[in-house]
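Contents: one structure, followed by commentary.
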Amino acid sequence: MATNRKYGRVDIERGNIGADEPVVIFRYRDKHLPDVLARYIQLCEVESHQEDLRELLTEVKAWQGEHRDMVRTPGSTA
């Protein structure tokens with residue numbers, strides 16, 4: 001089970017993250033997520049990974065467009 005500073009233990013369905021491995025979580029409601037993903041796509045060198053991330057970015061933007069009332073700048077504590 002992975003851990004996150006804000007959310008604590010994170011149960012990963014596929015179980016492929018070590019029990020003591022910290023993870024970063026970005027929620028779709030984070031208003032900065034589209035910009036973060038766009039920059040991350042630029043940093044990735046593997047084209048297939050970039051394509052997966054582009055699909056994710058499209059999904060995030062659509063979700064945020066449909067849930068404008070939930071989109072916000074998050075805090076760093078729970």
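The values are calculated or read from the model by the stated rules, or taken from the named source; none is laboratory data. Being a predicted model, the structure only gives us computed values, none of them experimental. Neighbour counts run over all protein chains shown; Cβ positions are idealised from the backbone, glycine included.
Points worth noting:
- Restricting the first member to the range 1-25 and to residues that are over 20 Å from Val36 (Cβ atoms), and the second to residues that are among the acidic types (Asp, Glu), the beta-carbon pairs closer than 8 Å and six or more apart or on different chains are Met1/Asp11; Thr3/Asp20; Thr3/Glu21.
- Leu53 being part of a helix (DSSP H, G or I), touching a Pro at 6+ places or on another chain (Cβ under 8 Å) and free of Cβ contacts under 8 Å to residues at least 60 places away in the same chain: no
- Residue within the range 10-32 that is at pLDDT 95 or above, among the β-branched types (Val, Ile, Thr) and surrounded by 12 or more Cβ atoms within 10 Å (Cβ to Cβ) present: no
- In the set (1) in contact with a strand residue (DSSP E or B) (Cβ under 7 Å, 6 or more places away or on another chain); (2) surrounded by 13 or more Cβ atoms within 10 Å (Cβ to Cβ), the condition left unmet by Leu37 is number (1).
- Residue match in the range 29-45 (condition: over 23 Å from Glu66 (Cβ atoms), out of contact with any Asp or Glu (no Cβ under 8 Å at 6 or more places or on another chain) and β-branched (Val, Ile, Thr)): no
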